[in-house]
């Protein structure tokens, strides 16, 4: 008696194979995103530390300036002020040119942006002690890793929180701008606390979004498109990490005596 194949099993096998291939591709893509993000953070840290601990610091901060009879240490120069706002320009170019930039151009701009961000963060080595910077960095890394893993593995749909997180982000920006004139320490502390909650949530939200976007475009993207998209996804996570780190540093960092 001949045994005939059960063709009903073939679609199931095909679906299982497709899911397995998709999962392998997703893991490889996420690893690429995290590698971009980590490399960018390393470059930012190296540039910030190098400027703060070499003669380059003199181009960004004057050791002592006497104003109205008061001696001010580490007074920022015009170059330091430019470096603070320079990263915003790169973000705008990367965001607005997402469809026009080539893969190599997007990657090059990402590296330049991370270096510019490092120059803008030189002040943390002037304001805070080295021990507190290291401590807060590891706290940030642990928090970021935990929330990113949660965003990757959770079955809950985090997209419904996107609008609340975005409104929180806008609120932080507006409150921070207002506090530039008010100079209220209580308000700054509240902004830092709320900011930590917002960027912690955005870490999980963006991780899930990146995962969902990959699944959606896995077979539509070419190699160059996927490589370029990984840079933009890394930029999102990078910004979440940097902002979370800076806010936690404002809360838990120990200020230097300089």
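The separation of segment 181-251 from segment 143-165, counted between C-alpha centres, amounts to 11 Å.
In this label model, residue 95 and residue 224 are separated by 2.6 nm, measuring between points 7 Å along each Cα→Cβ vector.
Per-peptide packing, taken as the mean over residues of other Cβ atoms within 10 Å, places 162-169, 241-248 in the sequence 241-248, 162-169 from highest down.
Our note on the geometry: Cα centres of segment 27-64 and segment 100-136, 4 Å apart.
Peptide packing for 125-137, 147-159 was compared via the average number of neighbouring C-beta atoms within 10 Å per residue; ordered from the highest value, the list is 125-137, 147-159. Taking only the C-alpha atoms of segment 161-219, Rg followed by Dmax gives 15.2, 52 Å.
Each value in this text was obtained by applying a stated rule to the coordinates, not by laboratory testing. All values derive from a computational prediction rather than experimental measurement. We place every Cβ from the backbone using ideal geometry, glycine too, and count neighbours over all the protein chains shown.
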